[in-house]
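Reading through the structure tokens given below for one structure.
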Amino acid sequence: MTTATDSLRLLEQLTGSPAPRLEPGHVWLVGAGPGHPGQLTLDALAALAQAEAIVHDDLVDARILAAAPASAERIFAGKRGGRPSSAQADITATLITLARQGRRVVRLKGGDPYVFGRGGEEALALAEAGIPFRVISGVTAGLAGLSAAGIPATMRGINHAVILATGHAATEEGGLDWAALARLGQPIVLYMALRRLGSILASLQDAGMDPATPAAIVESGTLPGQRVVSGTVGTLEQQALAEGTASPCIVVIGDIVPLRERLAP
Ligand SMILES: C[S@@+](CC[C@H](N)C(=O)[O-])C[C@H]1O[C@@H](n2cnc3c(N)ncnc32)[C@H](O)[C@@H]1O
């Protein structure tokens, strides 16, 4: 079986130069992709190969964690509802403590660390603490989930932009201006939108979006349990309730959605 250590060698072969070394006392913020191990990058695998401590999110697939050396300590730092949560301040404090102990630390995050993943906050905290760090980008769920569902993020003749947004901002003060997004007429891809789906879809319709606008939910994109619910802005909330749609999922709204009828795997 190919191990993370083999991937380090493969990376060096491909680049023709030594792979960056994860030094003692350093932290690497690593994107684990949307879930399926095939979406992991060689850089991420090479980071895992060198890790002595891995601080990981709930959404990181067990098969990805299994690729790291058995000797690496695994520290859970998930933040999903219904399970014991780690406060962001505790997570950054753990990273700083492990680094100061001289460990080689991987902070393994779902998708891309810098896309709705609090990676920016963690990087800032490390910088302020004087801890050397590196960021290894990953495949973000918003894009990989679309591909896995047979929905191109952009399509000539349909859209010139794609909006990645968080559904969390729906009720936050100073949150997103849904009317402005609706007016752009470009597809919207929403992370963390399930709990507020009804109010988001209502806001978009209040802003003039046609209720017949195609919309879909991709649940557990790229994973064996992947499910897609396809409908319209007017029907999607009820469909999600009827289907028992569960997190993690992305919501996609716009005329790229029906392409799925011809392109779904
Ligand atoms: C805290 S955000 C992290 C996003 C991550 N940094 C990224 O780039 O994909 C977690 C959200 O990402 C989305 N997500 C993550 N993995 C997913 C998957 N396999 N399928 C669908 N959505 C996913 C869901 O909206 C989930 O609530």
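Read the figures in this text as sums done on the coordinates, not as results from a lab. Note that the coordinates shown come from a computational prediction; the quantities given were computed from them, not determined experimentally. So basically every Cβ, Gly included, is an ideal-geometry build from the backbone, and we count neighbours across all protein chains shown.
Once you order the gyration tensor axes a ≥ b ≥ c over the Cα atoms, which shape class does region 205-265 get: rounded for a/c under 1.5, otherwise prolate or oblate by comparing a/b with b/c? Verdict is oblate for region 205-265.
Multiplying the residue separation of Arg63 and Ala180 by 0.36 nm and subtracting their alpha-carbon distance yields 38.0 nm. Across region 15-157, the relative contact order, built from alpha-carbon pairs under 8 Å that are at least six residues apart, equals 36 percent. Taking springs between alpha-carbon atoms closer than 10 angstrom, which of Gly225, Gly254, Gly102 fluctuates most in the Gaussian network model of the chain? Fluctuation is largest for Gly225. Applying 1/(1 + (r/R0)^6) with r as the Cβ-Cβ distance of Gln101 and Glu121 and R0 = 35 angstrom yields a FRET efficiency of 0.95. Two decimals is fine: what is log10 I(q)/I(0) at q = 0.08, 0.10 Å⁻¹ for the chain, from a Debye sum with one equal scatterer on every Cα and no solvent? With one equal scatterer per Cα and no solvent, log10 I(q)/I(0) is -0.36, -0.55. Between Leu263 and Leu223, the distance separating the two model label sites (each 7 Å from Cα on the Cα→Cβ line) works out to 2.4 nm. Within region 179-204, which residues have the backbone N less than 19 Å from the label spot 7 Å out from Ala161 along Cα→beta-carbon, could you tell me? Only 179-191, 204 fall inside the zone, counting backbone N under 19 Å.
Take Ala93, project a point 7 Å from its Cα along the Cβ direction, then tell me which residues of region 106-133 have their backbone nitrogen under 17 Å from it. Answer for region 106-133: 122, 125-126, 129. Using C-alpha pairs under 8 Å with a sequence gap of at least 6, the mean separation divided by the residue count of the chain gives a relative contact order of 19 percent.
Measuring nothing but how far apart in sequence close Cα pairs (under 8 Å, 6+ apart) lie, relative to its length, region 118-264 scores a relative contact order of 28 percent.
Within the listed set Gly208, Gly138, Gly221, the Gaussian network model of the chain (springs between alpha-carbon atoms below 10 Å) gives the highest mean-square fluctuation for Gly208. Label positions at Thr5 and Ala202, each projected 7 Å from the Cα along the C-beta direction, are separated by 5.8 nm. For Arg74 and Gln238, the FRET efficiency from 1/(1 + (r/R0)^6), where r spans their Cβ atoms and R0 equals 41 Å, is about 0.55. Counting only GluC sites (Glu not before Pro) that DSSP places in a loop and that have at most 10 other Cβ atoms within 10 Å, the longest clean stretch of the chain runs over 1-171.
Note on the chain: antiparallel DSSP beta bridges, both residues inside, total approximately 40 percent of the bridges counted.
Between Pro24, Ala212, Val252, the Cα set farthest toward the positive side of the dipole of the chain (charges on each charged residue's Cβ, about the Cα centre) is that of Pro24.
Once you order the gyration tensor axes a ≥ b ≥ c over the Cα atoms, which shape class does region 167-233 get: rounded for a/c under 1.5, otherwise prolate or oblate by comparing a/b with b/c? In terms of gyration-tensor shape, oblate.
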